[in-house]
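Engineer: Encoded as structure tokens, here's the structure I'll be asking about.
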Amino acid sequence: MPPIETTIDSSDESPDSFAKSSLVTAELVSDPVVDAELVPRWKRALVSVGRWSLLLFLALMTFGFLCSGLSPDPSAIFDEGDAKSVVAQDKSVDDIGAESVAIALNDDPATAIEPVSLRSSDLKPSTNAISRNSDSELALVAEKLSEQWRAELDSRGLDAAPMADWMTVCRRLSLALAGTGLSLEEIRSLQRLPEADRVETHRERLLNSERFHHYWAERTARYLVGADEGPFIFYRGRRFRSWLTEQYAKNTRYDELVRMLITAEGVWTDRPEVNFHTVTFDSGDNAPDPIRLAARTTRAFLGVRIDCLQCHDDFLGNVSLGDASWIMSCDVDDTTMQAAAEGDAKYVLREGTQEDFHSLAAFFTAATSEGVQGLKDKRANYEYQYLYADETVPVEPNVPFLRELLPPRPENRQDDSVDVDGTETTDESASDEPSDAPEPLELPRYLSDRERLAYWLTHPENKPAARAAVTRVWTLLFGQPPAIETDYGFQVGEVDNLPLDSPPSPLIETLTEAFIESDFNIRKLIRCITDSPAFRVSSRADFDVTEQHELAMAVFPVTHLRSEQVAGAAIQAGRIKTINRDSSFLVQLQQFGSLNDFLKRYGDLGEDEFTQQPVTITQRLVMLNGKLINETASPNPILNASSHIEMFAKDDEDVVRTLYLTVLNREPSERELEHFVKRLTAESREQNDPPTSRKQEITDLTWILLNSSEFAWNH
């Protein structure tokens, strides 16, 4: 259709004629206006109803998504008479070379906590949810630990506190293995089980949950690579922590984990374990820094500080090295034991030297950066100019003690046709192994320098390395390192400073031997420690508790929660259901944001997180006025536990009891119950100036419990 052009007669220049012509044009080019009265009213009403229905449906879907973390009363779902339980024993997994422990509770409220996948061949029926007698070795270790614990107290003339109740022990387990307190869902589920099985059941749930894998991966990464971000390009901390999470999920042996870290090769994004080396690139000129790696290795895997030996010999007697008598294997012959007792030079500790540090650092020069190919393993080539020396000298890789466990260093690699310097070699030109070298069946024909170090670190007879691992696990469970005997008396030890001249306590020595005999199984070590009376004893006693009682484990040591534990316990206290990977996306997102914001304001010690420090004024102010605590206590009918308890509790007494269980993980005392129930009554609320509502009183009670000293301490 050709366009319509409007023409105006020039002879007619009146405004009326121009308006009429414009109106005609507008009518031709505009859509016709339909009168609303022409549409039937029922159609308009139907469209309106459809729109409101869609809006209501979306609102209900949103409310259902937000409330997906709520769970009904377990008593309405599970029949206690039909409860069945099975225990999955540790089985070796052929394809991944790891062990897995799993527990399944069919038709039992336990299945509402953490989903656990099992193979039918791994299941073995049992009359109890968890039976300690199912593992005879674990029972023997627990019995021996109990005897040593009692003998230690008797030798010091100390009385022991009674054993703690099951809910207190479960709270300790949750704080140590997941970094949070118990959820109300977990408490109600455990209350459905026999009291004798509750602690073991809760422990197995945690050991097989993603919360344990992620939390311990974060704690492990802190002492392996530190809490800093590291070099931007060459370090991926999140990838490294995810890799550690996978290893804990597969229950990878500790010695295998150490070997993978020490001998890592490849690109740091493709092989996450390589980040153990690349985190030092910022001080190593785009290459691993052997100095930092040596210091990190001794602290993390040996529990020995030899950092000062980097610059000078030990002149103050702070570093004792050599083959101490206590690290000798129990099956050594009588001649060796007699030589050690008579003060043979081989078994006398000596002061550390610069050579001890730099010979250990020499192992890490074998890891070289090859650009886009990542780390490659070559022959170690290390030179250093010692103090008072005129020039640099080559340093051979060596270890500071138990040198007979270190495999020999061959001159050439027999399985390669080209030597490291580019010259061709043959089998005849390769050097023969020394006469005292291990048998061919025990070692491969060739071990690289880093593989030699990894072999030495994970050797079953290297008891200081196993002792360091046991001390790390003990510290994570108790919140402080085990005590040691020093020249100044019985004192709290340090997690990364375990001198060889200080033999471990009988408890630590027994746990070290059990750890080695269990093939370095971390989960079995956790079971051994948490089954010991030192972990189960109460922190309260009917006698005056002194520091010596806590050091000797006559009472459970009262320790301040670390910053991530305070945040995790506060976030969990604001929810009815356990916060895990199955929680709604909104809950997990809120947890992530609240945790990071709280740690930034509350303070985080980083890799020195086990250093006991007093509570600061800033930390108290963050708890009193901080956003996390206020949001947790404030009314929120969609997310907060306090609002849910207000809506669904039967009476005021039930409100107080449930809040105590949710926040402090214990029942209130009679005095506490009477006081707070009285505050919730209408008569008491009307006497306030101004009068308060029941909702406000419940909010205040939640805020009070979150700011109590009991909440922020492990006891």
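The values are calculated or read from the model by the stated rules, or taken from the named source; none is laboratory data. The structure displayed is predicted, hence computed values, not measured ones. Reconstructed Cβ throughout: ideal geometry from the backbone, glycine too, with neighbour counts over all protein chains shown. Areas reflect the complete protein model, heavy atoms only, side chains present, ligands, DNA and RNA absent. Shrake-Rupley method; radii C 1.70, N 1.55, O 1.52, S 1.80 Å.
Engineer: So which residues in the stretch 45-62 are of a type in the set (A, V, I, L, M, F, W, C) and under 47 Å from the mean Cα position of the chain (by Cα), if there are any at all? Before you say what the answer is, go through the steps one by one.
Structural biologist: Initially, the stretch 45-62 is screened for residues of a type in the set (A, V, I, L, M, F, W, C), giving 45-47, 49, 52, 54-61.
Of everything in the stretch 45-62, those that are of a type in the set (A, V, I, L, M, F, W, C) and under 47 Å from the mean Cα position of the chain (by Cα) turn out to be 54, 55, 56, 57, 58, 59, 60, 61.
Engineer: Please specify each residue of the stretch 176-189 satisfying the condition of being in contact with a Leu (Cβ under 8 Å, 6 or more places away or on another chain) and part of a helix (DSSP H, G or I).
Structural biologist: Hits for the stretch 176-189 are 176, 177, 184, 187.
Engineer: Name every residue in the stretch 376-395 that is open to solvent by less than 50 Å² (accessible area, probe 1.4 Å), outside any strand (DSSP E or B) and either more than 16 Å from residue 287 (Cβ to Cβ) or touching a Gly at 6+ places or on another chain (Cβ under 7 Å) (or both), in order of residue number. Steps first, please.
Structural biologist: From the stretch 376-395, those open to solvent by less than 50 Å² (accessible area, probe 1.4 Å) are 377, 380, 382, 389, 395; that's our starting set.
Checking the rest, the ones that are also outside any strand (DSSP E or B) come to 380, 389.
Answer for the stretch 376-395, where residues must be open to solvent by less than 50 Å² (accessible area, probe 1.4 Å), outside any strand (DSSP E or B) and either more than 16 Å from residue 287 (Cβ to Cβ) or touching a Gly at 6+ places or on another chain (Cβ under 7 Å) (or both): just 389.
Residues are listed down the side, and each one gets a yes or a no for (1) surrounded by fewer than 21 Cβ atoms within 10 Å (Cβ to Cβ); (2) among the polar types (S, T, N, Q):
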position	(1), (2)
513	yes, no
525	no, no
541	yes, no
550	yes, no
553	no, no
564	yes, no
579	no, no
584	yes, yes
591	yes, yes
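Engineer: Now, a different point. Please specify each residue of the stretch 200-253 satisfying the condition of being touching a residue at least 24 places away in the same chain (Cβ under 8 Å) and among the basic types (Lys, Arg).
Structural biologist: Within the stretch 200-253, 203, 205, 211, 219, 222, 236, 239, 241, 250, 253 meet the criteria.
Engineer: Let me ask you something else. Which one of 188, 211 is basic (Lys, Arg) and more than 17 Å from residue 477 (Cα to Cα)? Even if it seems obvious, please write down each step before you answer.
Structural biologist: Numbers: 211 fails: more than 17 Å from residue 477 (Cα to Cα).
None of the other options fit; the residue is 188.
Engineer: Would you be able to tell me the number of residues in the stretch 514-562 that are within 12 Å of residue 160 (Cα to Cα), in contact with a helix residue (DSSP H, G or I) (Cβ under 8 Å, 6 or more places away or on another chain) and not polar (S, T, N, Q)?
Structural biologist: Here the count works out to 9.
Engineer: Quick test for you: out of 193, 158, 182, 175, pick the one residue that is hydrophobic (A, V, I, L, M, F, W, C) and under 18 Å from residue 531 (Cα atoms).
Structural biologist: Only one candidate qualifies: 175.
Engineer: When residues of the stretch 457-481 are filtered for being outside any helix (DSSP H, G or I) and touching a strand residue (DSSP E or B) at 6+ places or on another chain (Cβ under 8 Å), how many remain?
Structural biologist: So the first thing to find is which residues in the stretch 457-481 are outside any helix (DSSP H, G or I), and the list is 458-462, 479-481.
Next cut, touching a strand residue (DSSP E or B) at 6+ places or on another chain (Cβ under 8 Å) only: 479-481.
Going through the stretch 457-481 one residue at a time, the tally reaches 3.
Engineer: Scan the stretch 616-629 and give yes if some residue there is of a type outside the set (A, V, I, L, M), touching a residue at least 12 places away in the same chain (Cβ under 8 Å) and either in contact with a Lys or Arg (Cβ under 7 Å, 6 or more places away or on another chain) or under 24 Å from residue 583 (Cβ atoms) (or both), otherwise no. Steps first, please.
Structural biologist: Applying the first criterion (of a type outside the set (A, V, I, L, M)) to the stretch 616-629 yields 616, 618-620, 625-627.
From what is left, the residues that are touching a residue at least 12 places away in the same chain (Cβ under 8 Å) are 616, 618-619, 626-627.
Narrowing further to those that are either in contact with a Lys or Arg (Cβ under 7 Å, 6 or more places away or on another chain) or under 24 Å from residue 583 (Cβ atoms) (or both): 626-627.
Yes.
Engineer: I want to confirm something. Restricting to the stretch 675-699 and keeping residues that are under 19 Å from residue 663 (Cβ atoms) and free of Cβ contacts under 8 Å to residues at least 40 places away in the same chain, which single residue is surrounded by the most Cβ atoms within 10 Å (Cβ to Cβ)? Write out each step before concluding.
Structural biologist: Residues of the stretch 675-699 that are under 19 Å from residue 663 (Cβ atoms), as a first pass: 675-677, 679-680, 694-699.
With the extra rule that they be free of Cβ contacts under 8 Å to residues at least 40 places away in the same chain, the set shrinks to 675-677, 679-680, 696-697.
Working: 675: 12, 676: 23, 677: 18, 679: 17, 680: 19, 696: 13, 697: 20.
Checking each candidate, the answer is 676.
Engineer: When you look at residue 465, is it open to solvent by less than 10 Å² (accessible area, probe 1.4 Å), under 26 Å from the mean Cα position of the chain (by Cα), among the hydrophobic types (A, V, I, L, M, F, W, C) and farther than 24 Å from residue 348 by Cα, yes or no? Full working, then the answer.
Structural biologist: Values: open to solvent by less than 10 Å² (accessible area, probe 1.4 Å): yes; under 26 Å from the mean Cα position of the chain (by Cα): yes; among the hydrophobic types (A, V, I, L, M, F, W, C): yes; farther than 24 Å from residue 348 by Cα: no.
For residue 465, the condition - open to solvent by less than 10 Å² (accessible area, probe 1.4 Å), under 26 Å from the mean Cα position of the chain (by Cα), among the hydrophobic types (A, V, I, L, M, F, W, C) and farther than 24 Å from residue 348 by Cα - is not met.
Engineer: From the residues in the stretch 497-535 that are in a loop (DSSP other than H, G, I, E, B) and under 21 Å from the mean Cα position of the chain (by Cα), which one is farthest from residue 176 (Cα to Cα)?
Structural biologist: Taking the stretch 497-535 and keeping what is in a loop (DSSP other than H, G, I, E, B), we get 498-505, 518-521, 532.
Keeping just the survivors that are under 21 Å from the mean Cα position of the chain (by Cα) gives 520-521.
On the way: 520: 20, 521: 18 Å.
If we take residues in the stretch 497-535 being in a loop (DSSP other than H, G, I, E, B) and under 21 Å from the mean Cα position of the chain (by Cα), then 520 is farthest from residue 176 (Cα to Cα).
Engineer: To continue, here is another question. Residue by residue through the stretch 274-299, note down the ones that are in a helix (DSSP H, G or I), touching a residue at least 12 places away in the same chain (Cβ under 8 Å) and either open to solvent by 10 Å² or more (accessible area, probe 1.4 Å) or under 20 Å from residue 355 (Cα atoms) (or both).
Structural biologist: The initial filter retains those residues of the stretch 274-299 that are in a helix (DSSP H, G or I), namely 274-278, 281-283, 290-299.
Adding the requirement that they be touching a residue at least 12 places away in the same chain (Cβ under 8 Å) leaves 274-278, 281-282, 290-299.
Correct list: 282, 290, 291, 292, 293, 294, 295, 296, 297, 298, 299.
Engineer: Shifting gears a bit: Restricting attention to the stretch 601-616, does a residue exist that is at pLDDT 85 or above and exposed (fewer than 11 other Cβ atoms within 10 Å of the Cβ)?
Structural biologist: No, there is no match, as no residue in the stretch 601-616 is at pLDDT 85 or above and exposed (fewer than 11 other Cβ atoms within 10 Å of the Cβ).
Engineer: Then there is this: Within the stretch 159-176, can one find any residue that is farther than 17 Å from residue 537 by Cβ and open to solvent by 10 Å² or more (accessible area, probe 1.4 Å)?
Structural biologist: No, the conditions are met nowhere in the stretch 159-176.
Engineer: Which is at pLDDT below 95, touching a Phe, Trp or Tyr at 6+ places or on another chain (Cβ under 8 Å) and not basic (Lys, Arg), of 686, 672?
Structural biologist: Values: 686 fails: touching a Phe, Trp or Tyr at 6+ places or on another chain (Cβ under 8 Å).
Within the list 686, 672, the selection yields 672.
Engineer: Ok, one more. With the requirement that a residue be open to solvent by less than 20 Å² (accessible area, probe 1.4 Å), under 15 Å from the mean Cα position of the chain (by Cα) and on the phi < 0 side of the Ramachandran plot, what does the stretch 470-492 give you? Please lay out each step first, then the result.
Structural biologist: Just the residues of the stretch 470-492 that are open to solvent by less than 20 Å² (accessible area, probe 1.4 Å), to begin with: 470-471, 473-479, 481-483.
Restricting the remaining residues to those that are under 15 Å from the mean Cα position of the chain (by Cα) gives 473-479.
Passing the criteria: 473, 474, 475, 476, 477, 478.
Engineer: Also, I was wondering about something else. Answer with yes or no whether residue 621 is at pLDDT 90 or above and open to solvent by less than 60 Å² (accessible area, probe 1.4 Å).
Structural biologist: Working: at pLDDT 90 or above: yes; open to solvent by less than 60 Å² (accessible area, probe 1.4 Å): no.
No: the conditions fail for residue 621.
Engineer: Is at least one residue of the stretch 493-503 in contact (Cβ under 8 Å) with a residue 24 or more places away in the chain, open to solvent by less than 30 Å² (accessible area, probe 1.4 Å) and among the hydroxyl-bearing types (Ser, Thr, Tyr)?
Structural biologist: no
Engineer: Can you say whether residue 586 is in a helix (DSSP H, G or I) and within 21 Å of the chain's Cα centre (by Cα), as far as the supplied structure shows? Spell out the reasoning first.
Structural biologist: Numbers: in a helix (DSSP H, G or I): yes; within 21 Å of the chain's Cα centre (by Cα): no.
Against the criterion (in a helix (DSSP H, G or I) and within 21 Å of the chain's Cα centre (by Cα)), residue 586 does not qualify.
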